[in-house]
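Novice: My structure is below; once you've seen it, I'll send some questions.
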Amino acid sequence: MSIVITGAASGIGRAVAELAARPGAELVLADRDAARLDETAELVRARGARALPLVVDLATPEAADEIVAAAAEEYGAIAAVVSNAGLIVGAPLAEMSADSFDLSFAVNARATWLLGRAAYPLLKRSRGALVATASMAATHPTPGTGAYSASKAAVVMLVKQMALEWGPDGIRCNTVSPGPTLSGMTKDVFADLESFEQRANREAREAHIPLRRVGTAEDVARAVLFLAGDDARHITGVDLMVDGGLSTALMPAV
Ligand code: NAD
């Protein structure tokens with residue numbers, strides 16, 4: 001039975017694909033970045049798993065149906081959906097355009113609902129799971145990311161709603177909420193330790209994180225696969241913070 005992973009070309013989505021890849025595993029890898037998606041497919045196949053790469057734009061409402069139809073045709077069944085593709089359209093609310101707002105909600109929030117809706121009959125048959133990548137931003141706003149934060153809050157609530165409505169069908173639905181994580185999304189912010197500015201950025205963040213490091217994509221992927229699998233068989237409707245404790249750290253470190 002297959003696992004569908006969106007945003008599989010980079011960062012957390014690629015890490016989920018790599019961790020899930022073992023002989024016999026069947027993965028559906030969806031992203032809009034064709035070249036990097038092929039790289040993920042090669043990494044997965046090198047570990048003995050099957051990979052079906054799909055180039056889609058999740059800003060369009062048709063993408064979810066395309067992904068689920070392709071997964072059903074190739075593998076017949078879906079055990080888990082990982083709705084992970086996302087983007088930050090960064091702008092202060094006073095300056096942001098309506099198009100930027102709509103794009104944030106289309107990719108981050110609407111696509112998660114549409115993917116869940118499209119996969120529902122197959123998840124019901126498999127008594128499967130949906131895991132979506134929300135964000136610490138869903139509960140902790142930061143300047144300049146208003147539409148992102150609001151769209152991630154929508155992801156958390158949509159998935160809780162799915163848990164409520166689809167629990168009687170045996171489908172579990174949960175979110176993970178990463179804190180600052182090394183990935184494509186943050187590569188220009190704090191990944192490059194050769195850059196003085198990025199290094200300072202990273203140290204400033206790490207000083208506030210109780211575990212004193214920013215997360216890796218694999219840190220988040222482990223939580224995603226825990227929630228997607230049978231070890232979490234009685235867990236549904238939760239938002240799991242994967243943030244090194246940052247969301248509990250109201251007071252600056254001394
Ligand atoms: P990333 O940029 O490395 O990966 C995101 C992937 O989503 C990319 O491969 C990108 O091509 C794909 N994508 C974006 N828009 C798409 C679209 N319209 N159609 C298809 N694919 C699209 O970043 P990441 O950190 O791995 O992001 C994964 C998820 O984690 C996102 O939902 C993000 O909001 C969330 N997140 C990341 C952090 C962080 O610090 N990196 C923190 C909290 C939450």
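The values are calculated or read from the model by the stated rules, or taken from the named source; none is laboratory data. Note that the coordinates shown come from a computational prediction; the quantities given were computed from them, not determined experimentally. Don't worry about glycine lacking a Cβ; one is built from the backbone with ideal geometry, like all the others, and counts go over all protein chains shown.
Novice: Of the residues 107, 68, 82, which is crowded, with 19+ Cβ neighbours inside 10 Å, farther than 22 Å from residue 226 by Cβ and within 11 Å of the ligand (Cβ to nearest atom)?
Specialist: Testing whether each residue is crowded, with 19+ Cβ neighbours inside 10 Å, farther than 22 Å from residue 226 by Cβ and within 11 Å of the ligand (Cβ to nearest atom) leaves just 107.
Novice: Still on this structure, I have one more. Could you tell me which residue of the stretch 167-185 is nearest to the ligand (Cβ to nearest atom), considering only residues that are closer than 15 Å to residue 238 by Cβ and either crowded, with 19+ Cβ neighbours inside 10 Å or at pLDDT below 95 (or both)?
Specialist: Checking each candidate, the answer is 178.
Novice: Where the second residue is at pLDDT below 95 and not in a loop (DSSP other than H, G, I, E, B) and the first is surrounded by fewer than 24 Cβ atoms within 10 Å (Cβ to Cβ) and lies in the stretch 8-20, which pairs have Cβ atoms under 6 Å and are six or more apart or on separate chains?
Specialist: Here the result reads 10/184, each pair linking the stretch 8-20 to a residue that is at pLDDT below 95 and not in a loop (DSSP other than H, G, I, E, B).
Novice: Which residues, counting only those in the stretch 1-32, are in a helix (DSSP H, G or I) and aliphatic (A, V, I, L, M)?
Specialist: 12, 15, 16, 17, 19, 20, listed by residue number.
Novice: List every residue pair whose Cβ atoms lie under 9 Å apart, where the two residues are 6 or more positions apart in sequence or sit on different chains, the first residue falls within the stretch 80-98 and is under 30 Å from residue 2 (Cα atoms), and the second residue, located anywhere, is surrounded by 16 or more Cβ atoms within 10 Å (Cβ to Cβ) and basic (Lys, Arg).
Specialist: Pairs found: 85/32; 86/152.
Novice: Could you list all residues from the stretch 11-35 that are near the ligand (Cβ under 6 Å from one of its atoms) and over 11 Å from the mean Cα position of the chain (by Cα)?
Specialist: Residues satisfying the conditions are 31, 32, 33.
Novice: Scan (1) more than 11 Å from the ligand (Cβ to nearest atom); (2) touching a residue at least 40 places away in the same chain (Cβ under 8 Å) for the single condition residue 220 breaks and write down its number.
Specialist: Among (1) more than 11 Å from the ligand (Cβ to nearest atom); (2) touching a residue at least 40 places away in the same chain (Cβ under 8 Å), the lone unmet condition for residue 220 is (1).
Novice: Scan (1) of a type in the set (D, E, K, R); (2) away from the ligand (no atom under 12 Å from the Cβ); (3) within 15 Å of the chain's Cα centre (by Cα) for the single condition residue 127 breaks and write down its number.
Specialist: Only one criterion in (1) of a type in the set (D, E, K, R); (2) away from the ligand (no atom under 12 Å from the Cβ); (3) within 15 Å of the chain's Cα centre (by Cα) is unmet by residue 127, namely (3).
Novice: Whether any residue in the stretch 138-158 is within 18 Å of residue 238 (Cβ to Cβ) and away from the ligand (no atom under 13 Å from the Cβ) is what I want to check.
Specialist: Yes, some residue in the stretch 138-158 is within 18 Å of residue 238 (Cβ to Cβ) and away from the ligand (no atom under 13 Å from the Cβ).
Novice: Among the residues of the stretch 35-50, write down those that are touching a residue at least 24 places away in the same chain (Cβ under 8 Å) and within 17 Å of residue 84 (Cα to Cα).
Specialist: Within the stretch 35-50, 36, 37, 40 qualify.
Novice: Of the residues that sit in the stretch 186-200 and are of a type in the set (S, T, N, Q) and more than 12 Å from the ligand (Cβ to nearest atom), which one is modelled with the highest pLDDT?
Specialist: Here the answer is 198.
Novice: Further question: Can you tell me which condition residue 167 does not meet? The list is (1) farther than 17 Å from residue 80 by Cα; (2) part of a helix (DSSP H, G or I), and all the others hold.
Specialist: For residue 167, the failing item is (1).
Novice: Please verify whether residue 73 is within 13 Å of the ligand (Cβ to nearest atom) and of a type in the set (Asp, Glu), treating the condition exactly as stated.
Specialist: Here the answer is no, as residue 73 does not meet what is asked.
Novice: Still on this structure, please answer the following. Return yes or no: is residue 39 of a type in the set (Asp, Glu) and touching a strand residue (DSSP E or B) at 6+ places or on another chain (Cβ under 7 Å)?
Specialist: Spelling it out, it is not the case that residue 39 is of a type in the set (Asp, Glu) and touching a strand residue (DSSP E or B) at 6+ places or on another chain (Cβ under 7 Å).
Novice: State whether one or more residues within the stretch 68-85 are out of contact with any helix residue (DSSP H, G or I) (no Cβ under 6 Å at 6 or more places or on another chain), modelled with pLDDT under 95, of a type outside the set (Lys, Arg) and farther than 17 Å from residue 185 by Cα.
Specialist: No.
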